[in-house]
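Structure, as structure tokens:
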Amino acid sequence: MVLADSESAVILRLRGPLDLKCQLDCIDEVPMQKAISRTFEALRLQVKSESCVLAVCNSPVLIWPNKSVFEEITPDAPFEDIFQFIQTDDQETSGKRSTKKKNRKGVSTSVINLSLMMEATKPGPASAPILTRTVQKSHLLCATLPMDCAVWSSWSDTIKDGCERLMKALTRQLFEMEKVTLQCMKGTTLRVPEPLHFLLPEPNGLVTVVFPRGEPDKELEAQRRELHGQFELPDNRPFFRRANAYHFPNEPYKDGYLRNPHTVLTHPTLDNGKVYLVQGIYSYHHYMQDRMDDNGWGCAYRSLQTICSWFQQQGYVERGVPSHKEIQQALVEVGDKQASFVGSRQWIGSIEVQAVLNHLLGVTSKIMFVSQGSELASKGRELANHFMTEGTPVMIGGGVLAHTILGVAWSETTGEIRYLILDPHYTGAEDLQVITEKGWCGWKGPDFWDQTAYYNLCLPQRPRVI
């Protein structure tokens, strides 16, 4: 199922902690592993018990999935009905809850969050506590398991059916956590298992994988290769690095940068034309961000930052997006600039962008030379092929201006072409509507380029790794 088709689908996400407490009478490997397995089995029985409760976040809806008790809503109601109970930020401020049924099309997210809880008390007569004291040597292994399950559901599915799928996913996740815990134990030290969600190409969709928390990506290559084989994925690009983890649409990015503003644009229509776009996620970097006044000289730096963000968010590199000073220092280190260049307000171009990508990220690039802007209209085939095979953002510099090309619409029969441009010269706030409506991210024709200026294009190449 494709995420973009959110009109007919919703993600149910269940999160909550489960305490793993395992008492060991000895620390020999086999008895210890058996004791841990018994503890995980007890946890699976716990989530299947009648004390397990699912709470729909920001609502009064409570569900006891194992005894079919539903508070505030009926089990046969469609998931669409839950939104009338979920309180929005506006309602929190006013303290009022609307009695009108919300239309899901007006809701900015297709995720319903639920919390996993356990009843602490049980019905029945109260009994006097009994204390016993046992003196013996033992080891206690403790960990908090961060349960995190996500399943697709249709808006028309009943709440009862969706909860059943969630509970099956929860049980499967406990089995996966047990497997990872036993595989990664070192003596009596537990590695906490961490569930991560990945949105894979069709027909796989959203899948959940459990990795040991804190284990670097470079140590998990064998597991990733196994997963690539399991899901029949190509072995020339990463799908299961931590940076590839799915970003749920109801969770804002913490760094404040806009991601993929081009996705809200309408594609141009050309005779027998096709659209070729950047593949994956990037951040929009432009003038005046990061408390840096680079208005008038920093456009190529910002285009380079956008490209670096793409490699970071596709999982190819772990280092963060370089600052202007780090970019300048890199050019000094490769011998392209003098030491006085660091801290200056000097421009850079496509050749410097190529050098920095290679030095800081280990990424190679091809350079396309165009003697005058009017020739760019004839580069449709090369650019279309780049976005099909590499899928990386392209930096283009000409005269004193730099831009980022995110894609092309090109007709092989007529040669007609449009360019999807991300403009680093924007100086305003991160306002998607302004950026797209004013053309800071938008489709441009061949006349966008200075017809007499020469241009260099830096086409970064995707590393063949997993």
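Within segment 186-203, take every residue that is out of contact with any Leu (no Cβ under 8 Å at 6 or more places or on another chain) and either assigned to a strand (DSSP E or B) or without any contact (Cβ under 8 Å) to a residue 40 or more places away in the chain (or both) and give me the one that is nearest to Leu140 (Cα to Cα). Break it down into steps so the answer makes sense when it comes.
Going residue by residue through segment 186-203, those that are out of contact with any Leu (no Cβ under 8 Å at 6 or more places or on another chain) are 186-187, 189, 191, 194-196, 202-203.
When the remaining residues are screened for being either assigned to a strand (DSSP E or B) or without any contact (Cβ under 8 Å) to a residue 40 or more places away in the chain (or both), the result is 186, 189, 191, 194-196, 203.
Values: Lys186: 15, Thr189: 11, Arg191: 15, Glu194: 21, Pro195: 24, Leu196: 27, Pro203: 43 Å.
Top of the filtered list is Thr189.
Restrict the check to segment 21-44 and report whether at least one residue is over 30 Å from Thr189 (Cβ atoms) and buried (at least 17 other Cβ atoms within 10 Å of the Cβ).
no
Is it the case that segment 27-46 has a residue that's in a loop (DSSP other than H, G, I, E, B), of a type outside the set (Val, Ile, Thr) and on the phi > 0 side of the Ramachandran plot?
Going residue by residue through segment 27-46, those that are in a loop (DSSP other than H, G, I, E, B) are 27-28.
Those left that are additionally of a type outside the set (Val, Ile, Thr): 28.
This time we only want the ones that are on the phi > 0 side of the Ramachandran plot, so: none.
No: segment 27-46 contains no residue that is in a loop (DSSP other than H, G, I, E, B), of a type outside the set (Val, Ile, Thr) and on the phi > 0 side of the Ramachandran plot.
Testing Lys48 on (1) under 28 Å from the mean Cα position of the chain (by Cα); (2) modelled with pLDDT of 70 or more; (3) surrounded by fewer than 18 Cβ atoms within 10 Å (Cβ to Cβ); (4) not acidic (Asp, Glu), one condition comes back false. Which one is that?
Every condition holds for Lys48 apart from (1).
Can you pull out every residue in segment 323-339 that is crowded, with 19+ Cβ neighbours inside 10 Å and under 14 Å from His359 (Cα atoms)?
Filtering segment 323-339 for residues crowded, with 19+ Cβ neighbours inside 10 Å gives 324, 327-331, 337.
The answer is Ile327, Gln328, Gln329, Ala330, Leu331, Lys337.
Assess whether Glu390 counts as being open to solvent by 70 Å² or more (accessible area, probe 1.4 Å) and either of a type outside the set (Gly, Ala, Ser) or more than 25 Å from the chain's Cα centre (by Cα) (or both). Don't jump to the end; show me each part of the working.
Working: open to solvent by 70 Å² or more (accessible area, probe 1.4 Å): no; either of a type outside the set (Gly, Ala, Ser) or more than 25 Å from the chain's Cα centre (by Cα) (or both): yes.
Considered against the rule, which asks whether it is open to solvent by 70 Å² or more (accessible area, probe 1.4 Å) and either of a type outside the set (Gly, Ala, Ser) or more than 25 Å from the chain's Cα centre (by Cα) (or both), Glu390 comes out as no.
When you scan segment 314-333, do you find a residue that is closer than 27 Å to Gly205 by Cα, without any contact (Cβ under 8 Å) to a residue 24 or more places away in the chain and not charged (D, E, K, R), even just one?
Taking segment 314-333 as the starting set, the residues that turn out to be closer than 27 Å to Gly205 by Cα are 314-318.
Imposing the further condition that a residue be without any contact (Cβ under 8 Å) to a residue 24 or more places away in the chain reduces the set to none.
Looking through segment 314-333, none of the residues is closer than 27 Å to Gly205 by Cα, without any contact (Cβ under 8 Å) to a residue 24 or more places away in the chain and not charged (D, E, K, R).
I'd like the full set of residues that are farther than 30 Å from Phe248 by Cβ, assigned to a strand (DSSP E or B) and open to solvent by less than 100 Å² (accessible area, probe 1.4 Å), limited to segment 121-157. Can you show your working first?
Let us first name the residues in segment 121-157 that are farther than 30 Å from Phe248 by Cβ, namely 121-141.
Keeping just the survivors that are assigned to a strand (DSSP E or B) gives 139-141.
Scanning segment 121-157 gives His139, Leu141.
Quick one: Leu54 ticks every box in (1) part of a helix (DSSP H, G or I); (2) within 30 Å of the chain's Cα centre (by Cα); (3) buried (at least 19 other Cβ atoms within 10 Å of the Cβ) except a single one, so which number is it?
Of (1) part of a helix (DSSP H, G or I); (2) within 30 Å of the chain's Cα centre (by Cα); (3) buried (at least 19 other Cβ atoms within 10 Å of the Cβ), only one is false for Leu54: (1).
If I filter segment 67-79 down to residues being buried (at least 17 other Cβ atoms within 10 Å of the Cβ) and not in a strand (DSSP E or B), which single residue comes out as farthest from the chain's Cα centre (by Cα)?
Ile73
For residues that are assigned to a helix (DSSP H, G or I) and in contact (Cβ under 8 Å) with a residue 40 or more places away in the chain, scanning just segment 204-224, find the one that is most open to solvent (accessible area, probe 1.4 Å).
Restricting attention to segment 204-224, the residues satisfying the condition of being assigned to a helix (DSSP H, G or I) are 217-224.
Those still in the list that are in contact (Cβ under 8 Å) with a residue 40 or more places away in the chain too: 217, 221, 224.
Working: Asp217: 18, Glu221: 76, Arg224: 6 Å².
The qualifying residue most open to solvent (accessible area, probe 1.4 Å) is Glu221.
What are the residue pairs meeting all of these: first residue in segment 337-360, first residue outside the structural domain of Ile327 (by the TED database) and modelled with pLDDT of 95 or more, second residue among the charged types (D, E, K, R) and outside any loop (DSSP other than H, G, I, E, B), Cβ atoms under 8 Å, and 6 or more apart or on different chains?
Filtered contacts from segment 337-360: no entries.
How many residues, within segment 433-460, are in contact with a Phe, Trp or Tyr (Cβ under 9 Å, 6 or more places away or on another chain) and not in a loop (DSSP other than H, G, I, E, B)? Walk me through how you get there before you give the answer.
We begin by selecting, within segment 433-460, every residue in contact with a Phe, Trp or Tyr (Cβ under 9 Å, 6 or more places away or on another chain); these are 434-435, 438, 440-441, 443-446, 448-449, 454-457, 460.
Checking the rest, the ones that are also not in a loop (DSSP other than H, G, I, E, B) come to 434-435, 441, 443-444, 446, 448, 455-457, 460.
Residues meeting the conditions: 11.
Every residue, every condition in (1) under 26 Å from the mean Cα position of the chain (by Cα); (2) open to solvent by 20 Å² or more (accessible area, probe 1.4 Å); (3) within 24 Å of Thr269 (Cα to Cα), yes or no:
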site	(1), (2), (3)
Ala384	yes, no, yes
Gly397	no, no, no
Leu401	no, yes, no
Gly407	yes, no, yes
Asp447	no, yes, yes
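The values are calculated or read from the model by the stated rules, or taken from the named source; none is laboratory data. Nothing here was measured: the structure is a model prediction, and the numbers come from that model. Reconstructed Cβ throughout: ideal geometry from the backbone, glycine too, with neighbour counts over all protein chains shown. Calculation scope for accessible area: heavy atoms of the full protein, side chains included, ligands and nucleic acids excluded. Shrake-Rupley method; radii C 1.70, N 1.55, O 1.52, S 1.80 Å.
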